[in-house]
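The next block holds one structure in the form of structure tokens; read it before the comments.
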There are 2 protein chains.
Amino acid sequence: MTTCLHTRLDSLNFLDEDDFALLDRLLERRDKATPGELVVVEMQKVTQTRLIIDGWAYRYRSLANGTRQILNFLIPGDIISFYAMMLPLSDCGVEAMTPMEFAHFPVTDLVETLSGSAHLVLALSWIAGQSERMLDEQITRIGRRNSKSRLAHILVELHVRLRNSGFDKDQACLLPLTQAVLSDALGMSAVHANRSFRALVKDGLIAREKSDIRLMDVTQLSRVADFDHAYLEQTEVPATTLNAIEPKLVPT
Amino acid sequence: MTTCLHTRLDSLNFLDEDDFALLDRLLERRDKATPGELVVVEMQKVTQTRLIIDGWAYRYRSLANGTRQILNFLIPGDIISFYAMMLPLSDCGVEAMTPMEFAHFPVTDLVETLSGSAHLVLALSWIAGQSERMLDEQITRIGRRNSKSRLAHILVELHVRLRNSGFDKDQACLLPLTQAVLSDALGMSAVHANRSFRALVKDGLIAREKSDIRLMDVTQLSRVADFDHAYLEQTEVPATTLNAIEPKLVPT
DNA sequence: CGTCAGTTTGAAAGTCGTCAAGGGCCGTGG
DNA sequence: CCACGGCCCTTGACGACTTTCAAACTGACG
């Protein structure tokens, strides 16, 4: 049962069979969610961490004025409520966008598993570090890009993330995003999101396919978005870091 | 030598003397930076992790169009380049805003220290989790708040963070921020930042003090900002999480 | 065939950025 | 002591970008 998480972690090239065995045991219990379902409720206690096997969700925050901000999108291979072990009260909600399947486990199991393998600590820290970079990019996108390039940018990011999780070029060009969802993610009104959307359609860069979006020309989209691939690069963890933990695993 | 990090971690109530001893050994080597100095350069290899002892900095990204986005502010007790152990190429720069002092250590020392204490792993994960929440809030701020409440909001956040790091009420009301810096952090033009600033001054909520900002009425500012204190709360790590690692430390 | 969610469009109003010019404070050097 | 430059703040006018409101359109589905 190879998941998208396996695909991402494989590229790190340092996890051995034992690590994957520990991981697999953690991922045994499965669950499902339907579109619109709240996987995590805002301001509520969270005791489970989840790994997305299939389907899309988003993490969001509601504001007092009735609007909401989507913080980021969650796709297969992403972890939900990773920090729940330290911060059990969720500051944001998670809503399923498509039918979903995920593995779930109590946070205590996660802690136990992590204390069993320094390799896994590193691997999940690497995932956490990548998510932080995506938040950085989300901030930059909303803060300093105009609406058209904002839209192009997030589409390219999602495409690249899908590719990194093992989807083929074609699959990674079909995104289950409505314009209302995009507007909440990009910090703009739905009407304006539509206008930016239309502009990209007119340029032949994207197209609507039912209620999905198809990327027609990723290269050109990257250019419009001024997209810098570096922040999502599947960089290797440096050997020096790995050496620093080996002595603890195999005491001489 | 009690640092602001100690103050923050003390409130967690689960680190023992040995943990602090390990930590202190990590923090022995010190260094300084002057205002405007680049502590971390964008797109360059990072081999050191730092802990801010004193002074302010910000983390930022430059864009191709010549603008930049400040991602977050770094104050005493904050860690710089925590993820450098897994992602050695920095995706953002860090610039000193005031004279700074920090502890610095090679990332390998950090990895070694962490593999020596599961408690410290949790403690630093807790710090990392908090920073992620602040990034969430930064996204929400820029995406879904108007300029006046955006400004009020970040000022209150910085105030609360300073209090959490051990500064007294008065110290935590004097922030070394120029309007140009604020505008880059809030995703607006310097001119517009000034207008929002003036509006808050006129209401008597803030005042300029040389090139610093003084908060005159934090309560009222919180109201204007629609500030929700929950995301910065110094929550305790749940006992169940702590229990989950104990067996590994003291095998029966 | 009606409903519903999602999309599309226009017009008017509001927010925000750009350009340009001027002011205050402070440290340096004459 | 004063002049000068540099950095930061301030303000007005104008134009660009974005939101809001309102109405209509489309395709999927029972």
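The values are calculated or read from the model by the stated rules, or taken from the named source; none is laboratory data. On a predicted model such as this, the values are computed, not experimentally measured, just so you know. Glycine gets a Cβ as well: all are built from the backbone with ideal geometry, and neighbour counts include every protein chain shown. Accessible surface areas use protein heavy atoms only, side chains included; no ligands, DNA or RNA. Shrake-Rupley method; radii C 1.70, N 1.55, O 1.52, S 1.80 Å.
Which one of these is more than 25 Å from A:Leu232 (Cβ to Cβ) and facing chain A (nearest Cβ under 10 Å): B:Leu22, B:Leu71, B:Leu87, B:Leu12?
B:Leu12
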- Criterion (free of Cβ contacts under 8 Å to residues at least 60 places away in the same chain and within 12 Å of the chain's Cα centre (by Cα)) met by exactly one of A:Arg50, A:Arg59: A:Arg59
- Query: Within the stretch B:120-130, can one find any residue that is within 29 Å of B:Val237 (Cα to Cα), within 12 Å of DNA strand C (Cβ to nearest atom) and touching a residue at least 24 places away in the same chain (Cβ under 8 Å)?
  - Reply: no
- Taking the condition among the aliphatic types (A, V, I, L, M) and at pLDDT 95 or above, does B:Leu120 pass? no
- Note on the structure: Going through (1) open to solvent by less than 10 Å² (accessible area, probe 1.4 Å); (2) within 14 Å of DNA strand D (Cβ to nearest atom) one by one, B:Arg195 fails only at (1)
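Considering each of B:Lys210, B:Lys169 in turn, give the residue that is over 23 Å from the mean Cα position of the chain (by Cα) and either within 16 Å of DNA strand C (Cβ to nearest atom) or not assigned by TED's automatic domain parsing to the domain that holds B:Ile53 (or both).
B:Lys210
Rundown of residues vs (1) more than 29 Å from A:Phe14 (Cα to Cα); (2) touching an Asp or Glu at 6+ places or on another chain (Cβ under 6 Å), yes/no style:
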| site | (1), (2) |
| --- | --- |
| A:Met86 | no, no |
| A:Glu95 | yes, no |
| A:Glu101 | no, yes |
| A:Val107 | no, no |
| A:Ser117 | no, yes |
| A:Asp170 | yes, no |
| A:Val191 | yes, no |
- Test B:Arg133 against the stated conditions and say whether it is within 11 Å of chain A (Cβ to nearest Cβ), in contact with a Phe, Trp or Tyr (Cβ under 9 Å, 6 or more places away or on another chain) and of a type in the set (Lys, Arg). yes
- Note on the structure: Per the filter on the stretch B:90-119, residues touching a residue at least 60 places away in the same chain (Cβ under 8 Å) and facing chain A (nearest Cβ under 9 Å) are B:Val107, B:Asp109, B:Leu110, B:Gly116, B:Ala118
- Answer with yes or no whether A:Leu155 is within 11 Å of DNA strand C (Cβ to nearest atom), at pLDDT 95 or above and in a helix (DSSP H, G or I). no
- Message: Being within 14 Å of chain A (Cβ to nearest Cβ) and either open to solvent by 10 Å² or more (accessible area, probe 1.4 Å) or at pLDDT 95 or above (or both): is that true of B:Thr34 here?
- Response: no
- Task: Quick one: count up the residues across the stretch B:88-138 that are in a helix (DSSP H, G or I), of a type outside the set (Ser, Thr, Tyr) and more than 14 Å from the chain's Cα centre (by Cα).
- Result: 13
- Item | Enumeration of residues in the stretch B:136-166 that are free of Cβ contacts under 8 Å to residues at least 12 places away in the same chain and either touching a Phe, Trp or Tyr at 6+ places or on another chain (Cβ under 8 Å) or closer than 21 Å to B:Glu233 by Cβ (or both) | B:Ile139, B:Thr140, B:Arg163
- Message: Just checking, does the stretch A:101-118 include any residue being crowded, with 20+ Cβ neighbours inside 10 Å and aromatic (Phe, Trp, Tyr)?
- Response: yes
- Task: Quick one: in the stretch A:183-192, of everything that is without any contact (Cβ under 8 Å) to a residue 60 or more places away in the chain and more than 8 Å from DNA strand C (Cβ to nearest atom), which residue is surrounded by the most Cβ atoms within 10 Å (Cβ to Cβ)?
- Result: A:Leu186
- If we keep just the residues of the stretch B:198-233 that are of a type in the set (Val, Ile, Thr) and more than 14 Å from DNA strand D (Cβ to nearest atom), which is most open to solvent (accessible area, probe 1.4 Å)? B:Thr219
- Going through the stretch A:79-91 one residue at a time, which ones are open to solvent by less than 10 Å² (accessible area, probe 1.4 Å) and modelled with pLDDT of 95 or more? A:Ile80
